[in-house]
1. Among the residues of region 291-317, count how many are over 30 Å from Met121 (Cβ atoms) and either open to solvent by less than 10 Å² (accessible area, probe 1.4 Å) or modelled with pLDDT under 95 (or both).
2. Any residue in region 20-35 that's in contact (Cβ under 8 Å) with a residue 24 or more places away in the chain and farther than 22 Å from Glu110 by Cα: show its pairings with residues that are of a type in the set (Ser, Thr, Tyr) and open to solvent by 50 Å² or more (accessible area, probe 1.4 Å) at Cβ separation under 7 Å, as long as the two are six or more apart or on different chains.
3. Every residue in region 49-66 that is surrounded by 13 or more Cβ atoms within 10 Å (Cβ to Cβ) and not charged (D, E, K, R), please.
4. Working carefully through the options Ile242, Ile256, find the one that is more than 28 Å from Lys125 (Cα to Cα), within 14 Å of the ligand (Cβ to nearest atom) and open to solvent by 50 Å² or more (accessible area, probe 1.4 Å).
5. Determine which single condition Gly249 fails, assuming it passes every other condition in (1) under 24 Å from Arg131 (Cα atoms); (2) more than 16 Å from the ligand (Cβ to nearest atom); (3) open to solvent by 10 Å² or more (accessible area, probe 1.4 Å).
6. Just checking, how many residues over region 417-447 are more than 22 Å from the chain's Cα centre (by Cα), touching a residue at least 40 places away in the same chain (Cβ under 8 Å) and over 20 Å from Ser396 (Cα atoms)?
7. Residues Gly217, Gly263, Gly228: which one is on the phi > 0 side of the Ramachandran plot, open to solvent by 10 Å² or more (accessible area, probe 1.4 Å) and touching a residue at least 12 places away in the same chain (Cβ under 8 Å)?
8. For Leu178, indicate whether it is within 16 Å of the ligand (Cβ to nearest atom), without any contact (Cβ under 8 Å) to a residue 60 or more places away in the chain and in the same structural domain as Val74 (by TED's automatic domain parsing).
Amino acid sequence: MAKKKLKDLKVNFNTSWEYAPAPESKDHVKINDRYDLFINGKFTAPQSGKYFDTINPATEKKIAEIADASAEDVNMAVVAARKAYDNVWSKLPAKERGKYIYRIARIIQERAREFAVIESMDGGKPIRESRDVDVPLAAAHFFYYAGWADKLDYAAPGKKVRPLGVAGQIIPWNFPLLMAAWKIAPAIAAGNTVVLKPAETTSLTALKLAEVIRDSGLPDGVVNIVTGAGVTGAAIVNHPDINKIAFTGSTEVGKIIQRSIAGTNKKYTLELGGKAANIIFEDAAIDQAVEGIVNGIFFNQGHVCCAGSRLFVQESIAETVIRKLKDRMETLIVGDPLDKNTDIGAINSKDQLNKIKQYIKIGMNEGGTCYQSSCAIPTKGYFHRPTLFTNVSQSSRVVQEEIFGPVLAVQTFRTVEEVIEKANNIPYGLSGGVWTDKGSKIFKVTSQLRAGVVWANTYNKFDPTSPFGGYKESGVGREGGLHGVMPYVKIEN
Ligand code: ADP
């Protein structure tokens, strides 16, 4: 009797999960009206005098104007980086290089709140994410690679580890500060100098990082930050005096870059798209797995190249898992990125929101069943409800293509062999997840999934010591750990 009553009890999630607003204060944050390029240790106006707006995707309001760097500006940055490399940075004892990098890490920690708020305002991600993940991890990468600066010769016993020269680095909008840290820290620890370009919708924290770099006393020209869109990126890629290109972004642009530098002496690493499989076996701890799936695709708006956007559920538990997922989706809070209760913030740009909406239409036209949480979303700004597709096939575009939004495609499987086959049947291979109580299944799946990172009974966990990167169209090379510094050095006898 008591059992029946409990079962019949319907929870109205919409009213039972109302939280009072808890917005993070913006009072301590200083944002200029206009930002120039950071070249040779100074903020410098662009040659063309052109600026573009960076807007807050949660309010659609302009935050600041950002300099649009031309090929001429990029050239000035490369000249400064070459001069700093030849005259100062490559000559400095490695332990001295390390000291500057530790200092950068410490200043980021001191200014962590400011960085977190600006990251959420400019990019739309929830403050919980920028405060607890992006900013601490960015500082951790500088700390970690500072430690490597004077130990690199031990990584290649009996040989000499030498820098390459000037690195051109191009990063996307999903983790603006963290991607800058992933790129800059190993490059300068190994003795290279840098010209970095953030994505055009999220330049602010890279420019704030430029202030930190200036305040750290890093010699002029060691790190230069130029802002702009694809044309500026192409000017970096095609500059003849750059020795290495490090790119994170779409597979499409990655291919353009690969073609542009074919036949040159430039080294390159590319971290591109993904379409990760999250696999739940019937013996998994289901509630934890559901939470991991939600974390893997919905938190951070699905703006993660390693997002677990394909879910494979073993047939016997499919109904339960999908029901629990839907229940959990109803409790997710979509809204103000600066509110500490928010789970899903703003989609980074109008273009990206339109792309996600387009995929929802494609999924429905292909015969998929679409479920969206009924949560309220703000009327202003770029927001999207968490969305789940069932009844999709392996060939559906929502299963095969990277959407980069809070959209999960669910498929079922019966055997380990079947799920490995399905999970690998995709052009990408960046990451994956497996949920099971059996260690043997973890070993089997992780050793056969063609993906650079596979999490077991967890998802989206990062550490500076751990290498990250893809198979197939997900990229070339690794970032993080000792693996992440190797693409910035040559090893000589
Ligand atoms: P996303 O789809 O994540 O926006 P993109 O590949 O378009 O990824 O952008 C990632 C980065 O690459 C951004 O900094 C962008 O300005 C830059 N970019 C875009 N087109 C080019 C190009 N042709 N050459 C170099 N960089 C580019």
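1. Taking region 291-317 as the starting set, the residues that turn out to be over 30 Å from Met121 (Cβ atoms) are 310-317.
If we keep only those that are either open to solvent by less than 10 Å² (accessible area, probe 1.4 Å) or modelled with pLDDT under 95 (or both) too, we end up with 310-313.
Counting residues in region 291-317 that are over 30 Å from Met121 (Cβ atoms) and either open to solvent by less than 10 Å² (accessible area, probe 1.4 Å) or modelled with pLDDT under 95 (or both) gives 4.
2. Qualifying pairs under 7 Å: Arg34/Tyr51.
3. Answer for region 49-66, where residues must be surrounded by 13 or more Cβ atoms within 10 Å (Cβ to Cβ) and not charged (D, E, K, R): Tyr51, Phe52, Thr54, Ile55, Asn56, Pro57, Ala58, Thr59, Ile63, Ala64, Ile66.
4. Details: Ile242 fails: open to solvent by 50 Å² or more (accessible area, probe 1.4 Å).
Of Ile242, Ile256, the one residue that is more than 28 Å from Lys125 (Cα to Cα), within 14 Å of the ligand (Cβ to nearest atom) and open to solvent by 50 Å² or more (accessible area, probe 1.4 Å) is Ile256.
5. So Gly249 meets the others, but not (2).
6. Looking only at that region, the number is 6.
7. Working: Gly263 fails: touching a residue at least 12 places away in the same chain (Cβ under 8 Å); Gly228 fails: open to solvent by 10 Å² or more (accessible area, probe 1.4 Å).
Only one candidate passes the filter, namely Gly217.
8. Values: within 16 Å of the ligand (Cβ to nearest atom): yes; without any contact (Cβ under 8 Å) to a residue 60 or more places away in the chain: yes; in the same structural domain as Val74 (by TED's automatic domain parsing): yes.
Yes; evaluated as a whole, the condition is true for this residue.
The values are calculated or read from the model by the stated rules, or taken from the named source; none is laboratory data. Predicted, not measured: the structure shown is a model, and the values here were computed from it. Because the Cβ atoms are built from the backbone with ideal geometry, glycine has one as well, and the counts that use them run over all protein chains shown. Surface areas here come from the heavy atoms of the whole protein model, side chains and all, with no ligands, DNA or RNA. Shrake-Rupley method; radii C 1.70, N 1.55, O 1.52, S 1.80 Å.
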